[in-house]
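Read the structure below first, then the notes.
What follows is calculated from the coordinates using simple rules that are stated; it is not laboratory data. Bear in mind that the values here come from a model prediction, so they are computed numbers and not experimental data. For neighbour counting, all protein chains shown are included, and Cβ atoms are generated from backbone atoms with ideal geometry for every residue, glycine included.
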Amino acid sequence: MSSRKASDLFVECLEAEGVKYVFGIPGEETLDLNESLHDSSVTFVPVRHEQGGAYMADMYGRLTGRAGVCLGTLGPGATNLITAVADAFLDRSPLVALTGQADLQRMHKESHQHIDIVSMFKPVTKWNTRLNGAGVIPEVVRKAFKVAQEPKPGPTHIELPEDVMDDETDARPLPTSKRERRLEPSAGDTLAAAELIRNAANPIVLAGNGVSRVGAAPALREFARATGIGVAETFMGKGALDFEDPNARGTVGLQSRDYALAGFEDADVVITVGYDLVEHAPSNWNPKRNKTIICIDSVPPEVDEHFVTEIDLVGDLYHILSRLTDELRHEARTISASRLDDIVLGRFEAAKDDDAFPMQPPRALWEIRKALGRHDMLISDVGLHKLWIARMFPAHEPNTVLIANGLAGMGIALPTAIAAKLVHPGRNVVTVNGDGGFLMNVQELETAVRLKTPIVNVIWENSQFGSIVWKQDKKFGRHFGTDFTNPDFVKLADAFGMPAWRCESVEDFGRHLRHALSLELPSLIVVPIDYSLDVSISEELGTETVAA
C-alpha cells in the first residue's frame, strides 16, 4: 500500500473497528483528523460542548457494546471531556476518547494550551496513551478498542499530536477480533455453586448493571423461572426481570430496609449476578458479614470485607446462568412475595388517582409509564427525580430505564438521549430532568434539532436543587444555597426551534406527552413538581442510604 497521511490511516483504523459516529468538536490541532473523517464512512457529529459529545459516546457504547468515540482538541477541549469520560469509567461503558495535542517538538517546554492530558486522563480510563509516531497507529487503535470493550468495559484515551497526524506512513489497519475470548469457570466450581444453592434455605439473587451489559437477562429470567429464586435489582439493573415477573423482588439501594423487605435479611445464600460495588456498598445487604456469597460476573470481584465470596463464577454470564439452571431446574422452590414490591408498586398504582398540582412524582411517573411501550426508553438525569425513578418506575426490559449510578453526573440525560435515539430510532425516548441539571447541557438541544432526533425532554421544575434540599432538611431542619430562578423553558425551547409546553394541570402532562411522542422532532415539556412527598415513601422502608 502506498504512503499516505497518518490521519487517513487513523480513520481507516476507526472504520475497521466498525465506528459509525464520532461525537465532538473540531479544533486547530485536529484539522487533519477532521479532514480525513470527511472523506470516510464515519459520520462526524458536531456537538455544542465536548462533555455532551462524550456523554453521547458513553450511551452509544452502553447500548451497543461497541466503543463510542468522542473527540476534543487540546487543553480546554480535552478537559471538557473528562467528566463524561469518568462517567463511562464508573458506569462501565466502552468509550474511546480522542484529543488533539501540540506538536511533539514543543511538549518539553511551556507552550500555548499545552497541559499533560495523558496524566489527567489516567485515573478515569482503563488505558490511555500519546501517539508518538504514525507507524504505531494500527496497534494503538486496536488496543484502545480492545481494552475499552473487554470486561469490564470502560473508556480509553488516545492523544493525537498535530505533527504526528500530519506525518506520512505506509502502515495499514490490523484485523479486529471476530470473537473476544471469554474466561469460563471450571465445571467443578459450577457444580459446587449449584450444590450451595440447592442446600440453601433462602437463596436470593442480586442483579446489577452487568446483566444488561452482556445480554444475559433472558438467561437470568429462565434461572428465576426454573428455580423459583427471587431476583432483586440495583438501580442500573432495572429490567433484568420484568417487574411483573412473580420472581421480581424490586429495586434495592435507596433505603436501609430495602434489602430486608426484598428478602435479604432471611437469605443465607446471596447470588450476585453482574453486581457492581460502585452502585451500592455490600455493607448495606451483608452488614453482619454472615451471608454465603456466590459471585457471577465477567471479571473477578472487588475485595470488600462485606463481600467475601465463597465461589466466583467468572466468564460469560449467559452461559454460567444456563448451566446453573440445568443443574437446578428440577428442584424449583415456592415463589415468595416481596414486601418491598408490595409497598412501592402499591403506591405507584395509587398515583393514577392523585390530582394534586403541582404534580407529585408518583403521578408524573405513572403518566410516563402509561405512555411508553415495554421497549421504549426512559433516561434519568441526576437529582431527586433520579431517586424517584429508581424507587418507583417499573421496567419491563433491560436497558429501558437508564440511570447513571456510578459517577452520577448532572446533565447526562439530554446528550445520552440523542445517542439512544441514534442507536434505536424505532423506539420512543423520554428524558426526565431536574431544572438544576437540565441547564448543564442545555446547549445540546441544538444538536437534537439539527440531527432531528425526536426525543421528549421532561423537566420537573421546582427552582431548587431538590436532592440537596431533601438532605439538608433531614439533617439540619433547613436548607441553604439551593434556590435559583429559571428561564422560561418554553421560550428557550422555541429559540432552539422545537415545540414545548408548560403543564397547568395534572391532565396536561399526559396529553402533552402523548402528543410529543407522535412528533418527528425533539420537544420539551415543563412539569411543575411538588417534592413535599418524601421519596422515602414509607417508614417501613427506613432511612435513605444513597446519594442522588
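A few comments on the model shown:
- Distant-in-sequence amide H partners of Val96 (H built 1.01 Å from N, under 5 Å): Gly68, Val69, Cys70, Thr156
- Rounded to the nearest 20, the Cβ-based charge dipole of the range 256-402 about its Cα centre (Lys and Arg +1, Asp and Glu -1) stands at 440 debye.
- The spacing between the range 298-345 and the range 364-388, judged by their C-alpha centroids, is 27 Å.
- Neighbourhood net charge (14 Å Cβ-Cβ; Lys/Arg +1, Asp/Glu -1) for Ile82: -4
- Label point 7 Å beyond Cα of Lys352 along Cβ direction - residues of the range 476-516 with amide nitrogen under 20 Å: 506-515
- Based on the Kirkwood approach, the hydrodynamic radius assigned to the range 9-156 is 15.0 Å, with every pair of different Cα atoms included.
- Largest-first principal axis extents, alpha carbons of the range 340-541, Å: 46, 37, 35
- With an a/c value of 1.5 or above and a/b not larger than b/c for the gyration tensor axes a ≥ b ≥ c computed over the alpha-carbon atoms, the range 330-430 is described as oblate.
- Annotation: the range 439-544 has a Kirkwood hydrodynamic radius of 15.7 angstrom, from the mean reciprocal C-alpha pair distance.
- DSSP beta bridges fully contained in the chain are about 5 percent antiparallel.
- This model, with +1 at the C-beta of Lys and Arg and -1 at the C-beta of Asp and Glu, gives the chain a dipole about its Cα centre of some 660 debye.
- Overall Cα dimensions of the range 80-175 - principal axes, largest extent first, Å: 36, 34, 15
- Whole-percent P(r), the range 187-337, all Cα pairs, 5 Å bins from 0: 2, 10, 22, 27, 23, 13, 3, 0.
- Where both bridge residues fall in the range 340-541, DSSP classifies roughly 5% of the beta bridges as antiparallel.
- Between Asp268 and Ser186, the C-beta separation translates, for a Förster distance of 35 Å, into a calculated FRET efficiency of about 0.90.
- Distance from the range 1-54 to the range 425-473 (C-alpha centre basis), Å: 29 Å
- Mean Cβ neighbour count within 10 Å, used as a protection proxy, ranking 56-69, 414-427 highest first: 56-69, 414-427
- Annotation for the range 77-131 versus the range 244-285: alpha-carbon center distance of 37 Å.
- The range 199-256 - percent relative contact order, Cα under 8 Å, separation 6 or more: 36 percent
- Asp245 paired with Glu520, simple spin-label distance in nm, labels 7 Å along Cα-to-beta-carbon: 3.8 nm
- Considering only alpha-carbon pairs that sit under 8 angstrom and 6 or more positions apart, the relative contact order computed for the chain is 13 percent.
- Charge tally in the Cβ shell below 13 Å around His49, where Lys, Arg are +1 and Asp, Glu are -1, His49 excluded: -2
- Value of relative contact order over the range 223-362, rounded to a whole percent, pairs C-alpha under 8 Å and six or more apart: 27 percent
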